[in-house]
Amino acid sequence: MLRQLEDKIRRHTETIVGRTISAAWVSPDGLTLTSLVLTVGVVALLAQGALFWAGLLFLFASAFDMLDGALARSRQQASPFGAFLDSTIDRYAEMLVFLGLLLYYYYHHGMVNPLHMLLIFLASHGSLLTSYVRARAEALSYDGRGGVLDRPGRVIVLALGMLSGWLTASLIALAVFSHISALQRMLVVWQQSKQRQPDPQALRALQKKGKP
């Protein structure tokens, strides 16, 4: 059900983008890099203590991130490198936001207390792990999507925490549900692995490559 909803939203997004900005000069990779630049602005606002405005800019930057893939597909310019660049920039952007949160607590709460340090650590690593599980699964020809909190969900939870001021609650939700999502994706891949026999040639190739 969740996957069907995701596919439906993607189709509608492509249609909207195709009718609006597909004829503009901007490229899909340009949107991806614009998202990263705007995220640097989010870090600056957090360091200044402007939590509400940081939340607004974070949502705006994330909109650019979601549009790049839709623009590439609407122009039929989707490419492996574009997908690689997009996912890599996403990880940089996520970690930059967590850096901004550390700066926010340090400069505007006198210090980063152990609770907030732990929450930021767990939330950031859970976010990375959720994304890694999917990427690694897809590299092995499995479907690694799913989980209760994917990237759009993480963006919404974190942005709402900034906008409402309930940042601690937002970090708790991320710290818990991002790791649950990673475990759910691991379970899905495990179930898929039980339903098919491994390809001996693919296994030999993996053994030669070693661990990532």
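Just so you know, all these numbers are worked out from the coordinates, no wet-lab data involved. Worth saying up front: this structure is predicted, and the values here are computed from it rather than measured. Cβ placement follows ideal geometry from the backbone for every residue including glycine, while neighbour counts extend to all protein chains displayed.
Taking θ as phi - 60° and the Karplus parameters 6.51, -1.76 and 1.60, the scalar couplings of the range 34-39 work out to 4, 4, 5, 4, 5, 5 Hz in sequence order, x denoting glycine and proline.
With a simple spin-label model that places each label point 7 Å from the Cα along the Cα-to-Cβ direction, the separation between F60 and V37 comes to 1.3 nm. In plain terms, the chain from S141 to K194 could stretch by 17.7 nm, reckoned as 0.36 nm per residue minus the Cα-Cα distance.
Scoring 104-113, 173-182 by mean Cβ neighbours within 10 Å over their residues and listing the highest first yields 173-182, 104-113.
Taking the fewest neighbouring Cβ atoms within 10 Å as the starting point, the ordered list for V155, V37 is V37, V155.
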